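What follows draws every value from the coordinates through simple rules; no lab data is involved. What you see is a predicted model, and the numbers here were worked out from it, not measured in a lab. Backbone-built Cβ (ideal geometry, glycine too); neighbour counts: all protein chains shown.
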Amino acid sequence: MDRLAPLFNNLLLPPALGALTVFGFAPVGWFPLPILALALQWHLMRNAPPRQALLAGYLFGLGWFLAGVSWIFISMHDIGGMAAPAAVLATLAFAGVLAVFPALALGAARLGRMPETARWLLLAPAAWAFLEWTRGWFLTGFPWQTLGYSQAPVSPLAGYGAVLGVYGVSWLAALTAGILVLGRKSWLTLALVLWLSGYGLLQVDWTRPQGEPVTVSLLQGNVAQEVKFEPGKLTETLDMYRQMTLESRSRLIVLPETAMPTLLHYLPEWYLSDFEEHARGLGGDVLVGVAESEPDGRYYNSMVSLGSAPMQSFRKVHLVPFGEFVPTGFRWLVDMMYMPMGDFSRGGPAQAPMAVAGQKVAVNICYEDVFGEELIHALPEATLMVNVSNDAWFGDSFAPWQHLQIAQMRALETGRWWLKANNTGVTAILDEKGRVRAMLPIFTRDTLHGEAQGMAGLTPYARWGNGAFLCLAGVALAGVFWLARRRRR
């Protein structure tokens, strides 16, 4: 048994611990679990050499992402039509690339000679959070399953979201894990102070209501992705959304991403006029998901307003690799799947909020809401935030619920109500604390009616972006280097 212990601790337990963290995120939401799993992994490698820690970190990350983003297989095989063996290999490769970041973080935690307190309170937490931030922009970024998201919206650590953003929450969650590794009463007191302070921050109203609440209707058409772009289904889809819109009595009506599975200029004038006239009769506007095209052949994943205000549009900025544009050298992979309208152009990076229904509405499309710092340019002008998506690509998996949790963190960061209109769900109304005020069951055709409160003002995160977190993490890492240099002397 003694001979098997190193094999178990170094090769089998790390991926199991990583996979276990998926239950710390939505929809299960056992938010202490990822912190405890990270603490146990660090404890197991307290005396490991850097290379061994690097391998353990890679296996931990492989379990983390294979469990957390396994729905990539659904989008490629079930929806995209890729052969199952190829989809399995692609999913493994994707998780394998993402696992490099936890590997580097855990490997870095074992570098150098320094006091144990410096290693587990300064180096390890800062390295983990810094590499999560790096994953958020490297090669266009994929910050899904960032540790900080597991804390939204109910964990006391979520209170730091409005101050330090999701990566700051990750850092404090990792710091808690480091304190657990040390296991000393004095440092456990620090953890208690951190968590109680976070709870206090959750009670702070960083922003304030502006004007009266606006009535909203969020349409969930529940159009299966397998038939969404079939020409024979176009008329049925257009008729369905027209009927759902005309039955809605709210000032702001929001349709999902690419609700109209065609180009805007192909839609009949009478059809668009019905939307405009209905919205004008209510003194409001309709936001419609539809692709726009330019004479030069470029086209955009857009949201277009129709109604009382002049027609406005938002064109998606942060595109999905392989889904909305093809990275150089990977056309062969996209050709293995059915990817309609898969080569969009990017919209302008600083588009103004739409002035609709008496609000200033900042729109983001699909997984743009994963990139928090890219959205705060719309503040403080924006009073409401709207995310439109089509998570039908991921089937009945964790992905729609994880996406909802990401929006809950964005609500905390921005101090704004968020409206999520999703083709198959989750369609929801979130308040400025990330709490769900109303929600539709997923995979149902229905309209979510409710109210949303416009907000004014700025959270600290909206002022500083990731700058505050990066400064604090930088100070922690500088302290590590200073201590290591002092010990060498």
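The antiparallel fraction among DSSP beta bridges confined to region 208-458 stands at about 60%. Across the options SER170, PRO380, PRO349, the greatest Cα extent toward the positive end of the charge dipole of the chain (unit charges at beta carbon of Lys, Arg, Asp, Glu) belongs to SER170.
In this entry, region 61-143 is assigned a mean projected area of 6.0 nm², taken as a quarter of its C-alpha convex hull surface. Within a straight-line Cα-Cα reach of under 15 Å, LYS433 can be paired with the following aspartates and glutamates, leaving aside sequence neighbours fewer than 8 residues apart in one chain: ASP205, GLU413. Ordered by the count of other Cβ atoms within 10 Å of each Cβ, fewest first, HIS449, HIS77, HIS403 give HIS449, HIS77, HIS403. Modelled this way, with points 7 Å down the Cα-to-C-beta line, the labels at VAL193 and CYS471 are 2.0 nm from one another.
Annotation for GLU451 and THR235: the two label points, set 7 Å from Cα along the Cα-Cβ direction, are 4.2 nm apart. Excluding same-chain neighbours fewer than eight residues apart, the aspartates and glutamates reachable from LYS185 by a Cα-Cα span under 16 Å are GLU116.
Just how far, in whole angstrom, is region 401-461 from region 13-82 if you go by their alpha carbon centroids? Comparing the Cα centres of region 13-82 and region 401-461, I get a distance of 27 Å. The Stokes-Einstein estimate for region 208-458, based on a Kirkwood radius over Cα pairs and taken at 20 °C with 1.002 mPa s viscosity, is a diffusion coefficient of 119 µm²/s. In the chain, the DSSP beta bridges split such that about 60 percent are antiparallel, to the nearest 5.
For the residues VAL317, VAL304, VAL356, what sequence is obtained by ranking on other C-beta atoms within 10 Å, fewest first? By the 10 Å Cβ count, ascending, the order reads VAL317, VAL304, VAL356.
For ARG437 and VAL204, FRET efficiency with R0 = 22 Å and r from the beta-carbon atoms, rounded to 0.05? Provide the component values of the computation, followed by the final result.
Working: r = 20 Å, r/R0 = 0.89.
For VAL204 and ARG437, the calculated efficiency is 0.65.
Helix 124-135 and the long axis of the chain differ in direction by around 30°, with both axes built from C-alpha atoms. Roughly how tilted is helix 399-414, in degrees to the nearest 10 and between 0 and 90, from the longest Cα axis of the chain? With rounding to tens, the tilt is 90 degrees.
Full-extension gain between ALA478 and GLU247, please, as 0.36 nm times their residue separation minus the C-alpha to C-alpha distance. Intermediate values should be presented prior to the final figure.
On the way: separation 231, 0.36 × 231 = 83.16 nm, distance 5.97 nm.
Going from the current span to full extension adds 77.2 nm.
Computed over all pairs of different Cα atoms, the Kirkwood value for the hydrodynamic radius of the chain is 23.4 Å.
Neighbouring Cβ atoms within 10 Å as the yardstick, rank ARG51, ARG280, ARG416, ARG410 fewest first.
Working: ARG51 10, ARG280 15, ARG416 31, ARG410 27.
Ranking ARG51, ARG280, ARG416, ARG410 by Cβ neighbours within 10 Å, fewest first, gives ARG51, ARG280, ARG410, ARG416.
Please give the FRET efficiency for LEU139 paired with GLU294, using the beta carbon to beta carbon distance and R0 = 22 Å, rounded to the nearest 0.05. Result of the calculation: an efficiency of 0.20.
The lysines within cross-link reach of LYS316, meaning a Cα-to-Cα straight distance under 16 Å and a gap of 8 or more places when in the same chain, are LYS420.
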